[in-house]
1. If I ask for residues that are free of Cβ contacts under 8 Å to residues at least 24 places away in the same chain, farther than 27 Å from residue B:249 by Cα and not in a helix (DSSP H, G or I), which ones from the stretch B:147-202 would you list?
2. Can you name the condition, by its number, that residue B:135 falls short on among (1) assigned to a helix (DSSP H, G or I); (2) at positive phi?
3. Would you check if there is a residue in the stretch B:25-45 being within 26 Å of residue B:201 (Cα to Cα) and among the β-branched types (Val, Ile, Thr)?
4. Checking the condition more than 23 Å from residue B:110 (Cα to Cα), of a type in the set (Gly, Ala, Ser) and in a helix (DSSP H, G or I), which residue from B:64, B:36, B:50 passes?
5. Just one of (1) in contact with a Leu (Cβ under 6 Å, 6 or more places away or on another chain); (2) of a type in the set (A, V, I, L, M); (3) within 20 Å of residue B:243 (Cβ to Cβ) trips up residue B:218, so point out which.
6. For the stretch A:26-59, give me each residue that is away from chain B (no Cβ under 14 Å), of a type in the set (Gly, Ala, Ser) and touching a helix residue (DSSP H, G or I) at 6+ places or on another chain (Cβ under 9 Å).
7. Looking at this structure, is residue B:88 in contact (Cβ under 8 Å) with a residue 60 or more places away in the chain and away from chain A (no Cβ under 14 Å)?
8. Search the stretch B:59-71 for residues that are in contact (Cβ under 8 Å) with a residue 40 or more places away in the chain and pair each with any residue that is surrounded by fewer than 17 Cβ atoms within 10 Å (Cβ to Cβ) and in a helix (DSSP H, G or I) when their beta-carbon atoms are under 6 Å apart and the residues are at least 6 apart or on different chains.
Amino acid sequence: MWHMNNRGVFSDPNKVDVNTFYSNLKELVGPGAEMIIEETWEHLQKHFGTKAGGDLIRSSPLERIQKIMEIGEA
Amino acid sequence: MEQQAYLEIKRQRRNLVLGLIAAIVVIDAAVLFTTGSEMETFVSDISRIGTISAAAMVSLIVVGRQKVSGLFGRAYVSLAAALILWVAAESIWGYYELGLGVETPFPSIADAFWLAAYGPLGYHLFTTGKFFGKGVKKSAIIIVSLAAAMFLAFYVQAIIGVSDLEGPEALAGVAISIAYPVLDAILIVPAVLMVTNAGKGQLTSIPWIFVGWILLVIADSLLGITAVTNFTGELFHITMMYNAAYLCFAAGLVWYNRQFIPDEKKLAR
């Protein structure tokens, strides 16, 4: 997160672009970034009861997180 | 700013590599230069206990900071458990040689600790292997698995061929002699795959723990071969290999502690 901060990913804490976050994460940790995003989605499901409904069922964890950040629920 | 951040990672990685090389050179030089002297056993045993204890201590710092939840939390608790079991095993080995002044019997209680460590270590390697191993080709998995199986077949055959199967503890001795290469062969597969698949991320370009495990399996194999061939010469190179392996584990944990666990104070700045 400190590296991301240095790269300006969190320059505006109220408006974090998940795609920018993911591409930076991929540069830092390689293909393992996908697993971190999957873990994050599982964490959101477990601790906040987040569910992927409707057309998000077949979407990737990254897209689901992106949607949640846009509208507050998925 | 992005370029600066990348250069900072490169600088930190270079410092860690240089620090690791310096530590290996200093410790292994002490082992090498005391070979054949009265200090040999002392330096050899103390160096191994010291290097594995250093790795175990850093692992406890990681667990303390990261806590135990989540996939990575569980993976690093497992690694810490394995390293602590190895500290116990190396200490028991040292106690026989330095405390009691006798050669460590085989099998001994130390073997129980060494073998017990394979469980949590295996959990760590296979769990973090999912992280490092994204994109590994199936053909690579098959080739590495076949190579490990072939090595194992020759090795076990050699052990059985030269084993003395008479006496009350003979069977247990042979079983333990075979257990080591079997477990080593199972865990070397993810290690080789992760090392050959590395270099795809700025923070994950060196999979230290997997490199350490490969060195450890080489040391285990050399030790096994000396036992199988009744080799009576110097064994300092095996101790040097174990020290290098343990220090690689420590380096990997230092890197993980610095780069992967968020520091609240740094983030607040």
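Throughout, read-outs are computed from the coordinates displayed, never taken from laboratory work. Since we're looking at a predicted model, the values are computed, not measured. With ideal geometry, Cβ positions are generated from the backbone for all residues, glycine too; neighbour counts draw on all protein chains shown.
1. Of everything in the stretch B:147-202, those that are free of Cβ contacts under 8 Å to residues at least 24 places away in the same chain, farther than 27 Å from residue B:249 by Cα and not in a helix (DSSP H, G or I) turn out to be B:163, B:164, B:165, B:166, B:167, B:168.
2. (1)
3. There is no residue in the stretch B:25-45 that is within 26 Å of residue B:201 (Cα to Cα) and among the β-branched types (Val, Ile, Thr).
4. Residue meeting the stated conditions: B:64.
5. It fails just one condition, (1).
6. Here is the first cut: in the stretch A:26-59, the ones away from chain B (no Cβ under 14 Å) are A:48-59.
Checking which are of a type in the set (Gly, Ala, Ser) leaves us with A:49, A:52-54, A:59.
Residues satisfying the conditions are A:52, A:59.
7. no
8. Matching pairs, first to second residue: B:66/B:73; B:71/A:39.
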